[in-house]
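For reference, the structure discussed in these notes is given below.
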Amino acid sequence: MVRRSREQWLALFQEFERSELIASEFCRERNICQRYFSKRKIQLGFGVQPVEPVKKLVKMNRAVPSDGSAAVIMLIHGDTKVSIPSSQSTEWVASLVKALAQ
């Protein structure tokens, strides 16, 4: 097996892109293990486009009504508002928030 530097791998990936061959043909012609070629490509981040994180925010407020009734948890997600009794288990509220954020 031939040892290659990072720069050599990047040059090889650029050559691959220009070749218009599929990976198996490119690797076979150069006697490179296709699995290792793909692994190094991922490791070095070649051809990977940065992805903008998607912000999915669920606002949560604990409100105590002024009329003396029981406290509630208010979940707000987009145009949706959900009132939950504050006595609800934290596990249940957490699973709801997780589901809304997906």
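The values are calculated or read from the model by the stated rules, or taken from the named source; none is laboratory data. These numbers come from a predicted model, not from an experiment. Virtual Cβ from ideal backbone geometry, glycine too; neighbours counted across all protein chains shown.
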**OP:** Pairs only if they're at least six apart or on different chains, beta carbon under 9 angstrom, first in the range 24-50 and closer than 11 Å to TRP9 by Cα and surrounded by 12 or more Cβ atoms within 10 Å (Cβ to Cβ), second among the hydroxyl-bearing types (Ser, Thr, Tyr) and modelled with pLDDT under 85; list them, first residue then second.
**Re:** none
Original post:
Do any residues in the range 82-100 that are farther than 14 Å from VAL72 by Cα have Cβ atoms under 9 Å from those of residues that are of a type in the set (D, E, K, R) and surrounded by fewer than 12 Cβ atoms within 10 Å (Cβ to Cβ), where the two are at least six apart or on different chains, and which pairs are they?
Top reply: LEU100/LYS56
**OP:** Check the range 4-18 and report whether any residue there is surrounded by 13 or more Cβ atoms within 10 Å (Cβ to Cβ) and either modelled with pLDDT under 90 or among the charged types (D, E, K, R) (or both).
**Re:** yes
